[in-house]
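Following: one structure in structure tokens, then a few remarks.
The values are calculated or read from the model by the stated rules, or taken from the named source; none is laboratory data. Predicted, not measured: the structure shown is a model, and the values here were computed from it. Glycine gets a Cβ as well: all are built from the backbone with ideal geometry, and neighbour counts include every protein chain shown. For the accessible areas, the whole protein counts, side chains as well, though only heavy atoms, and no ligand, DNA or RNA atoms are used. Shrake-Rupley method; radii C 1.70, N 1.55, O 1.52, S 1.80 Å.
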Amino acid sequence: MKSFFSDCFNVSPELIRRYGALNISLINDLPLFIDPFLLFHSEKHEYQELHESIIKYIVFLKDKSINDSINQALLIDWFTFPEVEENWLGFSVKGNKGRGPGQKFANSLHKNLKTVFRDFGSEEIYENSHLEKMCLIKDGIGRDNISDFTTNLIKDFLARYTQTFAERYLSSEQVRKVPLNKAYFNYETQNWVTKRYKLPFINNAHILLVPLDLLTKDESWINRNDLIYSCEEVARASSNEVILAQFNQYIARKVAEVEKTLPSNITKAKRKKIVEDAIETFPEIIDEYIDSKSKDGDKAVAIAKERIDEVIDKSLNN
């Protein structure tokens, strides 16, 4: 049974790998995700421009959130996106159907851009903003949402990347010119634009290839669980003594209050809740955390590559 892109389109896996793309499964999603940090940290100028374009769009959303009244139709159009099923990435056990960043993601992003992230795009601690910052305050927005959101915002690049592969290595019978909704955003008209591309086409559907060096298996390099786990260490290493003192004092005071009511040691769940509240009370710690992660970007690249190789090897051996 033909399951991989290479099988279905009669090209060698080695050719796809040399091109730099993932040899996707066309039976079920692979548990891999696009990590926007890998765009930011890349030495490729095109990737850096893609990251800047993502930040530009979020700044647009921030300005609209703060300065304008956004009705429901615009909230849906600007803040929600379908899962890009055509790249066959994600959690689906069978097939490639997913939900994408929907209303919950939109509401959270809209609210945070008006409040705790009003400075997005003009932070002073580090030189670049990061999409992942939007998802560090509240639970419920994980790597799949970040990956889907990123994929939608770089869809034009992925389509052109795939189109180039198709024009070089596939026959005309294997390719069809198809329209992609929300291919790119027009800032003059403030709407998403549909564009047509020549893409691999099979089983009444087109396919988008993804570069291997944008993928990770685990959480995004910048993620909420890691923030909660490491924020106290980040605070201790901070050069901002005021943040350090306020953040640690808040946690110590809340821990003491809980311990008065508990006969035994404070539970992990209770302490986690205290840390989460501290982060929301002092969101400056998020900038400190992102700065520390950005300085260790080479490790993110190395770990992502190792995990991707594991997934590819496992999928080929099954």
Going through the range 83-101 in order, the residues found to be open to solvent by 30 Å² or more (accessible area, probe 1.4 Å) and either among the small types (Gly, Ala, Ser) or at pLDDT 80 or above (or both) are Glu85, Glu86, Gly98
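Determine, yes or no, whether Ser239 is polar (S, T, N, Q) and in a helix (DSSP H, G or I).
Spelling it out, it is not the case that Ser239 is polar (S, T, N, Q) and in a helix (DSSP H, G or I).
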Worksheet item: Just to be sure, is Glu257 open to solvent by less than 50 Å² (accessible area, probe 1.4 Å) and not in a strand (DSSP E or B)?
Response: no
TODO: Tell me, yes or no, whether the range 22-41 has at least one residue that is modelled with pLDDT under 90, more than 30 Å from Ile202 (Cα to Cα) and open to solvent by 20 Å² or more (accessible area, probe 1.4 Å).
DONE: yes
Listed by first then second residue, the pairs whose first member lies in the range 153-179 and is more than 18 Å from Asn10 (Cβ to Cβ), whose partner is surrounded by fewer than 16 Cβ atoms within 10 Å (Cβ to Cβ), with beta carbons under 6 Å and at least 6 positions apart or on separate chains, are Lys177/Arg196; Pro179/Thr194; Pro179/Arg196
How many residues of the range 183-193 are part of a strand (DSSP E or B) and loosely packed, with under 11 Cβ neighbours inside 10 Å? The answer is 1
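Mind listing whichever residues of the range 301-316 are at pLDDT 80 or above and basic (Lys, Arg)?
Lys305
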Picking from Glu219, Glu241, the residue that is acidic (Asp, Glu), free of Cβ contacts under 8 Å to residues at least 40 places away in the same chain and over 30 Å from Cys8 (Cβ atoms) would be Glu241
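State all residues of the range 21-40 that are within 20 Å of the chain's Cα centre (by Cα) and among the small types (Gly, Ala, Ser); if no residue qualifies, say none.
The one that is within 20 Å of the chain's Cα centre (by Cα) and among the small types (Gly, Ala, Ser): Ala21.
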Taking the range 1-20 and keeping residues surrounded by 14 or more Cβ atoms within 10 Å (Cβ to Cβ), touching a helix residue (DSSP H, G or I) at 6+ places or on another chain (Cβ under 8 Å) and in a loop (DSSP other than H, G, I, E, B) leaves Phe9, Val11, Gly20
